[in-house]
Every structure is written in structure tokens, then in C-alpha cells.
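Engineer: Here it is, the structure in full.
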Amino acid sequence: MRSHVAVLTAVFLVVGSAGVPLAAGMPGDAVAATDSTLTSAQLTDDEIRMTTTLNRTPDRTGEITATVSFRFSERVTEFTALIPERATVVETDGFSRINGTHYEWDERTDQSSVTFRVGADRLSDDEGPLAEDGRYLFTETEEWALVQIPSIGSRWLQTGDRELDFVRETAVDGPGVAGDRMAFLGPHEIETHTAHGQTFRLVIPEAADLEAGVDDVFDSLSRASDRLRVGDRDSEVLVIAAPTDSVSWGVRGLQVGDSDMWVQDSEELDLATNVWLHEYVHTRQAFRTTDETRWLLEATGTYYGASLALEGGHVEFDRFRRVPDRGEESPQSTAVLSQPDSWENNANYLNQGESPAVHGGRESDTPRHKPRSTLIQGYPL
Ligand SMILES: [Zn+2]
């Protein structure tokens, strides 16, 4: 008779963005396993690995195909993958359907996977600061796609009392490059530059016509990397130059996840509203916000972006000064920044009157914690 029974100790629930458990285990009936073989297994077999492989499927413009495959620790006893609602599952291997979004592992198949198609388009919302109804944040054309990586939720039961690591990675089938949250699929070149502990990867699609020089972009970003002494420096920053010849983008640039950003290929550097710097500042924001403090994201992005443009020699002081000045004009000046409903005409970008940046405060006083995993921050047109 066995001298021990491995007990299921926890249910781990991850919704929305796999890899970062939002809810810890439910300790209710947890019983710690004390068996030594289980302990040694924990040292060598302590992860769940999820690999999302993106395929542009060029014969279906407007949709990409994602194959999400899993490698499970032997400690996993049950696993459910939560597929995005808007996805259409086309194939499964080792998973069976519970309902439209929930797929359950058969607990036998080693290299199990779920393959689904999902629309590439994401449009800017029709209210709020982006306010350009029907314009694109992500899209696919006949030649290329600039997309958000589909977010897969997961839920599992495991043995052992230490939570398994959830490792999430993205690959591209065919030409393309994937960051943590966004990917470019299609022919492109990559330029890289390392400075101040950060490696910048600049993706220049074949379809893009980069207005700013590659070296100038890198100079500007590396100077900003050094000058900004707040937030956290991600070891890798993915910068995609978004082609503008055939797409009507809803924003001038966009940042998502920790350190992925795209900027329209036509964006110049010599502007106080320098989008390259603005989006870069977002990658350095490492504070958590509430409804009352959410305005800080764009206010400090705009303020630091402009001051870095000034310090980097991109603009003279009078042009820099126009950025905070616009916040003193109506209607931005009357917005109550702690009330997002009152943000008219991008007030949260322009009204920095109470910003700690303006008053010399430091963001680094706030907890060093990435505030978002899927929040999209776009620079208005
Ligand atoms: Zn922004």
C-alpha cells in the first residue's frame, strides 16, 4: 500500500493574460505534500510552458491563425485553456471542448495544442482619448499584419504546494517578429542597438518608409533610456515602424504590455510631441493606477516625452513649452484628472498641471510593479 497520496493542493486561475496568476491558489482544503520524491520533482519539473505560434495565413486577409501548444510538468493533473471569445477553434490535439472558450486537456497527450483563427483588426474605441471611431490599432493587409498576440487564460490543478511557473513564449511561422504582446508578420528587417542595459529591436517592415533615420531613432531612445531615472528598464524593447501607406491608423503610436510599441513610420523625431519618446516613456512606467490616478499614465508620458525631446536637442524650449501650455487651455484645463469621464479633448495627455513630473516628484516613489498586461496606450492623432 502506498505510504502517501499526493494531494491536489491548489487551483490556479489565470484569466486574461496567461503567465501572471491574478488569483492565487484557493487554500481551502489544501494539504501540503511531504513526500521527498515529490520535492525532488519540484526542483526539475516545475513549469508549464505555453508556446503560441502565429501564422499570418495570407489566404485569409484579416485573420491570423494561432497554435497554442503546451508542455506540462508531471505535477499538472488537470488543465483548462481559455481561448479568446472572438476566436474560432479549428483544431485540437489532446484537448477537448467544454464550451466555446474552455478547452480541457486530456491528461495524457504530451505535446497538446489548440489551434484557432482570430481576427487581426482592433479598432480605436469610439469614446475616450483615442476617439477615432473605425481607425486601426492593429490590422492585417494583404502583405503584412501588425497584431496583438492573442491572450490565453489558463486554469489548472497541480500537486505540490509550490505554484508551478507559467512560461509564455511566442513564435512566428514564416517571416515576422513577436514581442511579448504584439507581433509583426510579414517581410521586414530588424536593426538592433544596445544601450544602458537595454536592447532595442527596431522592426522595419518592407512596406514601411521610415521618415526618421535608424541611427537617429536609436540615439534618441538610448539618450532617453539613460536620462529617465524612473520606472524599470526592460532588458528588451520592441519597436515596430508601422507602415502608413495603406492603413488609416487610429493613433500615432501605441504601447502595450511591458515593452512593446509601434510608431507610425512617418513620425519625425524633431517634435515636442515626439511619439517615439512618448511610447518609450510608457515602457518605463512601473506604477499601478486607479481610476483616480490613471491620468498619470498619459500626463507623464506626454510630459517626459516632451522634456526628453527638449533635452535630446530635438526642439527648442518655446516648442517644448507649448505642450504643458495646451493643458491650460479650455476644455483641457477644466478637466478633473481624477475623473476620466471629464477628460475632454485628450485632457489627460495635455493637462499636467498637477503632475508630479511638473512639481519635481518622482514616480519611483510608487511601487515598482508593472501596472498592466494588456492595457493599450495610444498616442492620439
Ligand atoms: Zn501614451
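The values are calculated or read from the model by the stated rules, or taken from the named source; none is laboratory data. From a predicted model like this one, the values you see are computed outputs, not experimental measurements. Cβ: placed from backbone, ideal geometry, glycine included. Neighbour counts: every protein chain shown.
Engineer: For the range 159-180, does any single residue satisfy the condition of being surrounded by 20 or more Cβ atoms within 10 Å (Cβ to Cβ), touching a strand residue (DSSP E or B) at 6+ places or on another chain (Cβ under 9 Å) and of a type in the set (S, T, N, Q)?
Structural biologist: Looking through the range 159-180, at least one residue is surrounded by 20 or more Cβ atoms within 10 Å (Cβ to Cβ), touching a strand residue (DSSP E or B) at 6+ places or on another chain (Cβ under 9 Å) and of a type in the set (S, T, N, Q).
Engineer: Could you list, in sequence order, all residues of the range 234-278 that are outside any strand (DSSP E or B) and under 19 Å from Ala299 (Cα atoms)?
Structural biologist: Residues of the range 234-278 that are outside any strand (DSSP E or B), as a first pass: 234-235, 243-248, 250, 257-259, 265-278.
Within the range 234-278, Gly257, Asp258, Ser259, Leu271, Ala272, Thr273, Asn274, Val275, Trp276, Leu277, His278 meet the criteria.
Engineer: State which residue pairs qualify: first residue in a helix (DSSP H, G or I) and inside the range 300-327, second residue more than 16 Å from the ligand (Cβ to nearest atom) and among the aromatic types (Phe, Trp, Tyr) in any location, beta carbons under 8 Å apart, and separation of 6 or more residues or different chains.
Structural biologist: Hits for this filter: Ala306/Phe320; Ser307/Phe320; Ala309/Phe320; Leu310/Phe317; Leu310/Phe320.
Engineer: Among the numbered conditions (1) within 16 Å of the ligand (Cβ to nearest atom); (2) out of contact with any Leu (no Cβ under 6 Å at 6 or more places or on another chain); (3) at pLDDT 90 or above; (4) over 12 Å from Gly378 (Cα atoms), tell me where Gly231 comes up short.
Structural biologist: (3)
Engineer: While we're on this one: Every residue in the range 203-237 that is crowded, with 19+ Cβ neighbours inside 10 Å and more than 24 Å from Glu311 (Cβ to Cβ), please.
Structural biologist: Val203, Ile204, Pro205, Ala207, Ala208
Engineer: Residues to consider are Ala286, Ala272, Ala299; find the one that is of a type in the set (A, V, I, L, M, F, W, C), more than 11 Å from the ligand (Cβ to nearest atom) and crowded, with 21+ Cβ neighbours inside 10 Å.
Structural biologist: Working: Ala286 fails: crowded, with 21+ Cβ neighbours inside 10 Å; Ala299 fails: more than 11 Å from the ligand (Cβ to nearest atom).
Residue meeting the stated conditions: Ala272.
Engineer: Sort out which residues of the range 218-233 are over 16 Å from Ser259 (Cα atoms), touching a helix residue (DSSP H, G or I) at 6+ places or on another chain (Cβ under 9 Å) and not in a loop (DSSP other than H, G, I, E, B), and write them in order of number.
Structural biologist: If the condition is that a residue be over 16 Å from Ser259 (Cα atoms), touching a helix residue (DSSP H, G or I) at 6+ places or on another chain (Cβ under 9 Å) and not in a loop (DSSP other than H, G, I, E, B), then Ser220, Arg223, Arg227 are the ones that fit.
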